[in-house]
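These notes concern the structure reproduced below.
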């Protein structure tokens, strides 16, 4: 499960955890503190949870505030922070931290916590994608009696249990050639090459005819381009030629 502490009073927050039977809270904030909500500073939060029998772990290796790489493969994200976290998800550091999270959640009923109340505005939604890629279902705690099942981000792609977020049209899709025709399609090539007309297919039959003409010694067909240059205006007859004097 995941949860965002938002601006809740500490009592209401702990009650929410108890309603969902959370035994361990895993804090994935990079900076585990809040000036506006000091009740969620790591030390104060740990003491409050301990009094209620809830364990607290700060796992900063899963924290956000990551910078995107110049050669990022996660260009499906426009938000630089989310793109940066997607890049971080490809690293061994993330894999190790994710493995530790899985071990902790195997021991106790866990909830992963960050500050943002809305899951899809928080990097924990990307973390939930990574868990889904490993076959682990995730739910987001929204209120005392409501949890929402996490669905994979629509443009996410799973590659060997790793999640990437490519932009539509970055990868060419090759189709099996049909009889007499080879086809190569590029997904959303207008987005990849703005301002250029998309070329989606070529036919092998046209190429075969061209080669046959060359083998027979027939010159290739030339394209006749009409002369569209503006013709000079015809000279008008002098006015005196048109008048009878």
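Mind listing just one residue for me: the one in segment 33-42 that is touching a helix residue (DSSP H, G or I) at 6+ places or on another chain (Cβ under 7 Å) and not in a helix (DSSP H, G or I) and, of those, modelled with the lowest pLDDT? Walk me through it before giving the result.
Residues of segment 33-42 that are touching a helix residue (DSSP H, G or I) at 6+ places or on another chain (Cβ under 7 Å), as a first pass: 33-34, 38-39.
The next check asks that each one be not in a helix (DSSP H, G or I); those that pass are 33-34.
On the way: 33: 91, 34: 88.
Among those that are touching a helix residue (DSSP H, G or I) at 6+ places or on another chain (Cβ under 7 Å) and not in a helix (DSSP H, G or I), it is 34.
Quick one: which of 170, 161 is out of contact with any strand residue (DSSP E or B) (no Cβ under 7 Å at 6 or more places or on another chain) and either surrounded by 14 or more Cβ atoms within 10 Å (Cβ to Cβ) or at pLDDT 95 or above (or both)?
Numbers: 161 fails: either surrounded by 14 or more Cβ atoms within 10 Å (Cβ to Cβ) or at pLDDT 95 or above (or both).
Selected residue: 170, the only one of 170, 161 that is out of contact with any strand residue (DSSP E or B) (no Cβ under 7 Å at 6 or more places or on another chain) and either surrounded by 14 or more Cβ atoms within 10 Å (Cβ to Cβ) or at pLDDT 95 or above (or both).
Out of all the residues in segment 62-79, which are in contact with a helix residue (DSSP H, G or I) (Cβ under 8 Å, 6 or more places away or on another chain) and without any contact (Cβ under 8 Å) to a residue 60 or more places away in the chain?
Once the filter is applied, which keeps residues that are in contact with a helix residue (DSSP H, G or I) (Cβ under 8 Å, 6 or more places away or on another chain) and without any contact (Cβ under 8 Å) to a residue 60 or more places away in the chain, segment 62-79 yields 64, 65, 66, 67, 68, 69, 72.
Taking residue 59, is it in contact with a strand residue (DSSP E or B) (Cβ under 6 Å, 6 or more places away or on another chain) and either touching a residue at least 12 places away in the same chain (Cβ under 8 Å) or within 15 Å of residue 116 (Cα to Cα) (or both)?
Details: in contact with a strand residue (DSSP E or B) (Cβ under 6 Å, 6 or more places away or on another chain): yes; either touching a residue at least 12 places away in the same chain (Cβ under 8 Å) or within 15 Å of residue 116 (Cα to Cα) (or both): yes.
Here the answer is yes, as residue 59 does meet what is asked.
Looking only at segment 19-42, which residues are touching a strand residue (DSSP E or B) at 6+ places or on another chain (Cβ under 6 Å) and in contact (Cβ under 8 Å) with a residue 24 or more places away in the chain?
To start, the set of residues in segment 19-42 that are touching a strand residue (DSSP E or B) at 6+ places or on another chain (Cβ under 6 Å) comprises 20, 22, 24-29, 32, 42.
Selection gives 20, 22, 24, 25, 26, 27, 28, 29, 32.
For segment 1-10, enumerate the residues that are farther than 22 Å from residue 129 by Cα and either touching a strand residue (DSSP E or B) at 6+ places or on another chain (Cβ under 6 Å) or assigned to a helix (DSSP H, G or I) (or both).
10
Quick one: would you say residue 149 is modelled with pLDDT of 95 or more, over 18 Å from the mean Cα position of the chain (by Cα) and buried (at least 19 other Cβ atoms within 10 Å of the Cβ)? First the steps, then the outcome.
Values: modelled with pLDDT of 95 or more: yes; over 18 Å from the mean Cα position of the chain (by Cα): yes; buried (at least 19 other Cβ atoms within 10 Å of the Cβ): no.
Spelling it out, it is not the case that residue 149 is modelled with pLDDT of 95 or more, over 18 Å from the mean Cα position of the chain (by Cα) and buried (at least 19 other Cβ atoms within 10 Å of the Cβ).
Run down 98, 45 and say which single residue is assigned to a helix (DSSP H, G or I) and either loosely packed, with under 15 Cβ neighbours inside 10 Å or in contact with a strand residue (DSSP E or B) (Cβ under 8 Å, 6 or more places away or on another chain) (or both). Walk me through how you get there before you give the answer.
Working: 98 fails: either loosely packed, with under 15 Cβ neighbours inside 10 Å or in contact with a strand residue (DSSP E or B) (Cβ under 8 Å, 6 or more places away or on another chain) (or both).
So the residue among 98, 45 that is assigned to a helix (DSSP H, G or I) and either loosely packed, with under 15 Cβ neighbours inside 10 Å or in contact with a strand residue (DSSP E or B) (Cβ under 8 Å, 6 or more places away or on another chain) (or both) is 45.
Just one of (1) in a loop (DSSP other than H, G, I, E, B); (2) surrounded by 20 or more Cβ atoms within 10 Å (Cβ to Cβ) trips up residue 13, so point out which.
(1)
Report the residue count in segment 130-159 for those that are assigned to a loop (DSSP other than H, G, I, E, B), out of contact with any helix residue (DSSP H, G or I) (no Cβ under 6 Å at 6 or more places or on another chain) and closer than 20 Å to residue 62 by Cβ. Give the derivation first.
Looking only at segment 130-159, we keep the residues that are assigned to a loop (DSSP other than H, G, I, E, B), and these are 134-138, 144-145, 150-156.
Cutting the leftovers down to out of contact with any helix residue (DSSP H, G or I) (no Cβ under 6 Å at 6 or more places or on another chain) gives us 134-137, 145, 151, 154-155.
When the remaining residues are screened for being closer than 20 Å to residue 62 by Cβ, the result is 134-137.
Residues meeting the conditions: 4.
State yes or no: is residue 21 in a helix (DSSP H, G or I) and farther than 22 Å from residue 164 by Cα?
Values: in a helix (DSSP H, G or I): no; farther than 22 Å from residue 164 by Cα: yes.
Judged against the criteria, residue 21 is not a match.
Looking at segment 108-141 only, could you name the residues that are under 22 Å from residue 54 (Cβ atoms), free of Cβ contacts under 8 Å to residues at least 60 places away in the same chain and buried (at least 16 other Cβ atoms within 10 Å of the Cβ)?
Result: 131, single match.
If we keep just the residues of segment 80-95 that are more than 30 Å from residue 21 (Cβ to Cβ) and touching a helix residue (DSSP H, G or I) at 6+ places or on another chain (Cβ under 9 Å), which is surrounded by the fewest Cβ atoms within 10 Å (Cβ to Cβ)? I'd like the intermediate steps shown before the answer.
Going through segment 80-95, the residues more than 30 Å from residue 21 (Cβ to Cβ) turn out to be 80-84, 86-88, 90-93.
Those left that are additionally touching a helix residue (DSSP H, G or I) at 6+ places or on another chain (Cβ under 9 Å): 82, 86, 88, 93.
Numbers: 82: 22, 86: 29, 88: 23, 93: 11.
Here the residue is 93.
The values are calculated or read from the model by the stated rules, or taken from the named source; none is laboratory data. Predicted, not measured: the structure shown is a model, and the values here were computed from it. When we count neighbours, we look across all protein chains shown, and the Cβ atoms used for this are built from the backbone with ideal geometry, even at glycine.
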